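The values are calculated or read from the model by the stated rules, or taken from the named source; none is laboratory data. Note that the coordinates shown come from a computational prediction; the quantities given were computed from them, not determined experimentally. Ideal geometry is used to build each Cβ from the backbone, glycine not excepted, and the neighbour counts take in all protein chains shown.
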């Protein structure tokens, strides 16, 4: 299995504050990887830098062997990488349906797009709300819509930033299960940033633990779960 | 009574023009929170293009099309190469750069064509109650407003433009080329400004011909709410009627100051216009 | 914060010989701010007088133009650079001052010039209070829009009240030259230039004192972050209105002086283009500093003259001559915003800093 996403020695800063300090890891094709760590460990910055929303200081990001480090976000997206930001990033001024349609517009060929029906099958609660403004959705529904919007373009890899934020544990679990299913069925590669380490490790194959902008631990999810030292030091459970 | 009907009809016709200008301002304001003080510049370039092309080709309508084309192109280019790199630095700079464009356009037009008034003919007769020219103004602005609504509401381009305006980052994460959408917005805005210029400029054009027209456009946009396209249209018609009555009954020199009073009054009661969506203030 | 710390350090050994060896720069800083600005003003006046004595009549008139233009732009600087409010109607206040002056000289010839100037300031202040209070709740582009309407609309009044304000021909008055005992020593133009500059430096001293004082600090706090300023107890609305009023008064006084020198006030002087040019010049000169107003005024007066000369030298048309300065201001404005946001004064400061660091 070759690596679909490779991050090599990546750094990024906010002014004088270094948020990422030489982060390296890979995500294999069809992989399901968690990125864990405390608040402020650099998880969100990592995702934003990979996607091109934040400028990388040094290092490289390779997607399927191609260097995407300096590409602006909209160009990275059109290479088949989808990014669901913290809180989902649904556009509340648009309707649910418009949000979904928006996700696939950059695919010029209709055949490369998923159909609305396909995506709605994954998220039944959205069906009745198609014509409503996305601002009227609940937190869980917004998260579904955000993931659904990302899936509309049939991405190769999906980056998710804390989809569990503010959601009931049961809903979180549903979302994690759904992501696993998607991987099995469609071969989608998933990178999941989470503060809820226990839940994330239960769902993913492997994990990367960040601490103060560096990789503190890395390994299979089972191993990380059973490694008491890492758990206590960085994951807080 | 007769006079009142006259004033109402002519007020509606000029109101259509103010509505177009207000709409043009709203398009840009919605996308970037910027009031485009360069708007008269685009109308000016457009109308002088028409005044040059029309006599050369002998056809008003070729001039008309040339005006809209050139106006639109100027708007798009100005956004991409002049406004965008500066406007992102601060709100103050954003205002000032559009003023710079206005100075260049007014001075440039004066340099090439002179400061004195030029007669510029018109496709239709503009004399009398609800003249053909008035009808043309109402119909063309109405058509453009409806077309614009359809583009924004029903086309992929419109969807991307709305997404880019409301949530640039989320739009970018959906693969929308946000910068391109801004340019598209300016192009639309300039197109409407050019149309309004063609309607408001004749029969005599000069470098300052749009100053007062623009004032009413701003008034209409402010009254309607700078982020409400429907408000812009209603505001335009209201301002058109109001100014027509004030000019007719009290004297045209007082109309501008009435507009000022109106703006101040409306904003003091509703700081973001009558029809603006009430938004929570960011702290 | 850091300056007060260093001041304390340097003042600590009061009894030692170090206190007598305080550098002139520090002693200068220790003076109260109004006194400092008055001293600077007096110095400026001496410089201007010196320059007037060695130059001719034409230059005197240009100097006077630089003077009142600078006062007007300095007022705008306090408003835009200081409090962050964009006014596109500064020319309107110059117009109010100009017409007040013309009416006073024309209708009440017995009043002395000093009384006229005071009345001009009073009228402009009242106008500033009216407009400032009305627009107090307007922010950012809304204030810019409202003041733009003022700039476009006000000249219309001269047509409306044609008998009183003279319509598009405006008002023409004769103002007195040098007093009898100075006649022969100073030409009328030189005397007027001197009067203008005396008034201007007093005005500038007031503006500088305001800008460096508590009010100025409050304005800058509002400019940087209005919400934060409000939360730290600054009366945001009142401060903004006061800034607007001071700027209006400066603009009005400048307009009054202009009439005193030129002897005429017409609506065609006070167009929207004037207001925009003043703002553009301020940005060119340097929006962050009162010095910017000086470079701005020099630019307004001399660019026009040089360009006129150049245009005539190439025998281009009058249309070009009239409009080239406007275009050039627009182009320069955009270039400055793009590449030198602090304007000409910013460039000077950087050069100065480089020289100083080179010496040490």
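Please go through the range C:115-133 and give me each residue that is in contact (Cβ under 8 Å) with a residue 12 or more places away in the chain and within 12 Å of chain B (Cβ to nearest Cβ), ordered by number.
Residues satisfying the conditions are C:131, C:132, C:133.
Criterion first (more than 12 Å from chain C (Cβ to nearest Cβ) and under 29 Å from residue C:142 (Cα atoms)) does residue B:157 satisfy it?
When the stated conditions are applied, residue B:157 does not pass them.
Suppose we keep only residues that are more than 9 Å from every other protein chain (Cβ to nearest Cβ) and surrounded by fewer than 23 Cβ atoms within 10 Å (Cβ to Cβ) within the range B:77-105. Which one would you say is farthest from residue C:82 (Cα to Cα)?
So, considering only residues that are more than 9 Å from every other protein chain (Cβ to nearest Cβ) and surrounded by fewer than 23 Cβ atoms within 10 Å (Cβ to Cβ), the one farthest from residue C:82 (Cα to Cα) is B:77.
Give B:175, B:108 a once-over and let me know the one that is within 14 Å of another protein chain (Cβ to nearest Cβ), at pLDDT 85 or above and on the phi > 0 side of the Ramachandran plot.
One residue alone meets the criteria, B:175.
Restricting attention to the range B:82-113, which residues are outside any helix (DSSP H, G or I) and farther than 23 Å from residue B:180 by Cβ?
Once the filter is applied, which keeps residues that are outside any helix (DSSP H, G or I) and farther than 23 Å from residue B:180 by Cβ, the range B:82-113 yields only B:90.
If the requirement is being buried (at least 21 other Cβ atoms within 10 Å of the Cβ) and assigned to a helix (DSSP H, G or I), which of these qualifies: A:61, A:76?
Within the list A:61, A:76, the selection yields A:76.
For the range C:134-151, what are the residues that are in contact with a helix residue (DSSP H, G or I) (Cβ under 6 Å, 6 or more places away or on another chain), surrounded by fewer than 24 Cβ atoms within 10 Å (Cβ to Cβ) and more than 7 Å from chain B (Cβ to nearest Cβ)?
The one that is in contact with a helix residue (DSSP H, G or I) (Cβ under 6 Å, 6 or more places away or on another chain), surrounded by fewer than 24 Cβ atoms within 10 Å (Cβ to Cβ) and more than 7 Å from chain B (Cβ to nearest Cβ): C:136.
Please verify whether residue C:230 is free of Cβ contacts under 8 Å to residues at least 40 places away in the same chain, within 14 Å of another protein chain (Cβ to nearest Cβ), over 22 Å from residue C:102 (Cβ atoms) and part of a helix (DSSP H, G or I), treating the condition exactly as stated.
Here the answer is yes, as residue C:230 does meet what is asked.
Restricting attention to the range C:152-190, which residues are surrounded by 18 or more Cβ atoms within 10 Å (Cβ to Cβ), away from chain B (no Cβ under 11 Å) and in contact with a strand residue (DSSP E or B) (Cβ under 9 Å, 6 or more places away or on another chain)?
C:166, C:170, C:171, C:173, C:178, listed by residue number.
Just name the residue that is nearest to the other protein chains (Cβ to nearest Cβ) out of those in the range B:111-137 that are more than 30 Å from residue C:329 (Cα to Cα) and surrounded by 20 or more Cβ atoms within 10 Å (Cβ to Cβ).
The residue in question is B:137.
Take residue C:204 and tell me if it is in contact (Cβ under 8 Å) with a residue 24 or more places away in the chain, crowded, with 23+ Cβ neighbours inside 10 Å and away from chain B (no Cβ under 14 Å).
Yes: the conditions hold for residue C:204.
So the check is Cβ under 8 Å with 6+ separation or different chains; which pairs have a first residue in the range A:87-103 that's free of Cβ contacts under 8 Å to residues at least 40 places away in the same chain and facing chain B (nearest Cβ under 7 Å) and a second one that's buried (at least 24 other Cβ atoms within 10 Å of the Cβ) and part of a loop (DSSP other than H, G, I, E, B)?
Partner pairs satisfying both residue conditions: A:98/A:91.
When you scan the range C:248-360 for helices (runs of 4 or more DSSP H) that lie fully inside it, which ones turn up with 2 or more residues that are surrounded by fewer than 21 Cβ atoms within 10 Å (Cβ to Cβ) and either assigned by TED's automatic domain parsing to the domain that holds residue C:171 or on the phi < 0 side of the Ramachandran plot (or both)?
Of the helices (runs of 4 or more DSSP H) lying wholly inside the range C:248-360, those with at least 2 residues that are surrounded by fewer than 21 Cβ atoms within 10 Å (Cβ to Cβ) and either assigned by TED's automatic domain parsing to the domain that holds residue C:171 or on the phi < 0 side of the Ramachandran plot (or both) span C:290-298, C:304-313, C:318-339, C:343-359.
If residue A:165 meets every condition in (1) touching a residue at least 40 places away in the same chain (Cβ under 8 Å); (2) in a loop (DSSP other than H, G, I, E, B); (3) in contact with a helix residue (DSSP H, G or I) (Cβ under 6 Å, 6 or more places away or on another chain) apart from one, which number is that one?
(3)
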